[in-house]
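See below for the structure under consideration.
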Amino acid sequence: MSLPSLRDTIQAHGLDAKKSLGQHFLLDPGICARIAALGDDLTGRSVVEIGPGPGGLTRALLDTPASRVDVVEIDERAWPLLDELATYYPNRLHVVRQDALKLDAASLAPAPRQIIANLPYNVATPLLVGWLRQAAQWERLSLMFQLEVAERICAAPGSSAYGRLAVLSQWCASCSVALRIPPAAFSPPPKVHSAVAVIIPHAEQPAPQLFRAMEQVTAAAFGQRRKMLRSSLKSIGGERLLEQAEIEPTRRAETLSVAEFARLAELNLASR
Ligand code: SAM
């Protein structure tokens, strides 16, 4: 029995895109294959996909040598369609009926594991920060975001896009924008351009308490990004931390390198 086309499957299941779930579907197999290829050589890898929807990207992931693909979908309307797809890939495609925000995605599949996903844009940032907290669990994350968010993840110090997301991401991983995708590639087309960021976690990862200390420093520093650091970091003992880190208290958050933020996070943790 051959696999029906993606369009026929969507039609047979009456799966129209729902705005409230951030649904913009990729129907072009060429684009899905290019995203799947960002996982590099997936031989022997587990792949987790968040938000498979009708399964266009899922099909491309199943065409790679990945040993298994776990898909996490919140929309119950898509579950029968995904279950049907799973019958064509016994023991390789696993459908997880859950809210990805409430799930420890790393517990789904054995390492080495990657995430490859066209994320729902309304929850993309909290999902990413959650995965960064446990970055050692992942070999690589290839994630489609709204272009502006992908640029914020990869932004350099001194740029207007540089902020908390850039510092947290680049502290834990090497980050690059690998693929830009125009609105016309989706059905229905979103109002914004999209891009896939490839995020490769560093071999050494911060301990959970240090990650929390960094979240606190970056939230304070960028919460008032126009202010000098001695003032924006006041609530966490700014003057003293800055002196110990040998950072001029008159500087603003966006001028600090990731390494300088790392020094502040370590001192913040030590001062508790
Ligand atoms: N991967 C599909 C594609 O590329 O055509 C669909 C991508 S669409 C942008 C986002 C998908 O995420 C939708 O299928 C939506 O139902 C699902 N979704 C939204 N919020 C979710 C959540 N909290 N947990 C899991 N899936 C979610």
Q.
Run the count for the chain, please: Lys pairs, Cα-Cα under 22 angstrom, 8 or more apart or on different chains.
A. 4
(Q) Restricting to DSSP H runs of at least four residues, report the calculated mean residue ellipticity at 222 nm for the chain, -39500 (n - 2.57) per run over all residues, nearest 500 deg cm²/dmol. (A) -10500 deg cm²/dmol
**Q.** Amide H contacts under 5 Å for Leu179, placed H, 5+ residues apart
**A.** Val196
Q. If you put +1 on each Lys and Arg Cβ and -1 on each Asp and Glu Cβ, how big is the dipole of the range 6-201 around its Cα centre, in Debye rounded to 20?
A. 360 debye
Q) How much of the DSSP beta bridge set in the chain is antiparallel, as a percent to the nearest 5? A) 50 percent
Q.
Please give me the summed charge of the neighbours of Glu215: other residues whose Cβ is under 10 Å from its Cβ, Lys and Arg +1, Asp and Glu -1.
A. +3
Q: Please list, in chain and number order, the residues 5+ apart from Arg45 or on another chain whose amide H is under 5 Å from its amide H, with Hs placed from the backbone.
A: Ser67
(Q) If I take every Cα pair under 8 Å that is 6 or more residues apart in the chain, average their sequence separation and divide by the length, what percent do I get for the relative contact order? (A) 15 percent
Q. So what is the relative contact order of the range 208-271, in percent, for Cα pairs below 8 Å that sit 6 or more residues apart?
A. 42 percent
(Q) So if I place +1 on the C-beta of Lys and Arg and -1 on the C-beta of Asp and Glu, and nothing else carries charge, what would the dipole magnitude of the range 1-60 be about its Cα centre? I want it in debye, nearest 20. (A) 140 debye
Q. Highest mean first, what order results for 68-80, 236-248 on Cβ atoms within 10 Å?
A. 68-80, 236-248
(Q) What does the charge count around Arg230 come to, taking other residues whose C-beta lies under 15 Å from its C-beta (Lys +1, Arg +1, Asp -1, Glu -1)? (A) +2
Q: For every other residue with a beta carbon closer than 15 angstrom to the beta carbon of Leu42, add +1 if it is Lys or Arg and -1 if Asp or Glu, then tell me the sum.
A: +1
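Computed from the coordinates by the stated procedures, all read-outs in this text should not be read as laboratory data. These figures come from a predicted structure and were not determined experimentally. Cβ coordinates were reconstructed from backbone atoms using ideal geometry, including for glycine residues, and neighbour counts include every protein chain displayed.
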